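Engineer: Structure in structure tokens, see below.
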Amino acid sequence: PPPPPAKAEPTGPQNPVDALAPPDAALPKLADSDSRVMKALAELLGAKNAEAFLRSDGIVRRFVATVDNLAREQAPASAWPVQPTGQRFITEGQGEAQTISANNAARYNGFVMLVQSVDPAKAAAVYARLYPLFQQAYEELGYPGRYFNDRLIAVIDNLLQAPEPKGPVQVRLVEVKGDVPSQRPWVRYEYVDQALEKASAGQKIMVRMGPENERKMKASLRALRQQIATADLAKKKSQ
């Protein structure tokens, strides 16, 4: 018998954002959008938090690029929309017996507390009002015809699958041979467990946050996903 026909690729957005809220009228051009977006984020997060935690230059492009990268092998800190943590990565032990220090999680506490304080429905509404800017940045990144909100949901799903190790997580310092010693050795650690080392960049960050922070972040991500996964909302309404 002939093989069954291949499933047709989905066309159009699977989770349209305009179902949440219409976009703001007269949005600025993407290149000129920093002040408009930062104003909206300051209203959502608080002006001091927005200034302390966010990088305002090219924030939409930074957000889109980082979201896309989190489910991949690398998510360069130079492209993050948030400020890197001020403290260095902390380990315990020596040589091959090193583990991520329990105190390392404290580096992320402020950011996790900020995320927890955000009302997911309000965050989704701000996102929907500014959405054309995110969509344009995503297409410029090299995905014409693709829908950024669908990618965001897929990346959230990837982060929600991050491992939750039981007990201390072993790491090792990667040796870099050369005449000039590394001035930042703390960025050269990798996981001993190959399953963790092969995880996506975002999942590795989730593990580095420590188990309690990881659980809190996953709860916030689930809450945001419930707001922006409009296909799921439509199914619930039809049932």
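Engineer: Collect the residues in segment 56-92 that are surrounded by 13 or more Cβ atoms within 10 Å (Cβ to Cβ), of a type in the set (A, V, I, L, M, F, W, C) and within 22 Å of S200 (Cβ to Cβ), keeping them in residue-number order.
Structural biologist: Residues of segment 56-92 surrounded by 13 or more Cβ atoms within 10 Å (Cβ to Cβ): 56, 58-71, 75, 79-83, 85, 89-92.
Next, from what is left, pick out any that are of a type in the set (A, V, I, L, M, F, W, C): 59-60, 63-65, 67, 70-71, 75, 79-80, 82, 89-90.
F63, V64, A65, V67, L70, A71, A75, A79, W80, V82, F89, listed by residue number.
Engineer: Going by what's in this entry, would S101 be described as among the small types (G, A, S), over 22 Å from Q135 (Cβ atoms) and at pLDDT below 95? Reasoning before the result, please.
Structural biologist: Numbers: among the small types (G, A, S): yes; over 22 Å from Q135 (Cβ atoms): yes; at pLDDT below 95: yes.
The answer is yes for S101.
Engineer: Moving on to the next point. Of all residues in segment 196-231, which are β-branched (V, I, T) and within 14 Å of the chain's Cα centre (by Cα)?
Structural biologist: At the first step, the residues of segment 196-231 found to be β-branched (V, I, T) are 205, 207, 228, 230.
I205, V207, listed by residue number.
Engineer: Does any residue of segment 61-72 turn out to be of a type in the set (S, T, N, Q) and either part of a helix (DSSP H, G or I) or touching a residue at least 40 places away in the same chain (Cβ under 8 Å) (or both)?
Structural biologist: yes
Engineer: Output the number of residues of segment 74-124 satisfying the condition of being in a loop (DSSP other than H, G, I, E, B) and either more than 16 Å from L224 (Cα to Cα) or touching a residue at least 40 places away in the same chain (Cβ under 8 Å) (or both). Talk me through it step by step, then tell me what you get.
Structural biologist: So the first thing to find is which residues in segment 74-124 are in a loop (DSSP other than H, G, I, E, B), and the list is 74-76, 80-81, 83-90, 93-94, 98, 101, 118-119.
Next, from what is left, pick out any that are either more than 16 Å from L224 (Cα to Cα) or touching a residue at least 40 places away in the same chain (Cβ under 8 Å) (or both): 74-76, 80-81, 83-90, 93-94, 98, 101, 118.
The qualifying residues number 18.
Engineer: What is the residue count in segment 122-161 for residues that are touching a helix residue (DSSP H, G or I) at 6+ places or on another chain (Cβ under 9 Å) and under 12 Å from L221 (Cα atoms)?
Structural biologist: Result for segment 122-161: 11.
The values are calculated or read from the model by the stated rules, or taken from the named source; none is laboratory data. In this text, all values refer to a predicted model and were calculated from it rather than measured experimentally. Neighbour counts are summed over all protein chains in view; Cβ atoms, including those assigned to glycine, are modelled from backbone coordinates with ideal geometry.
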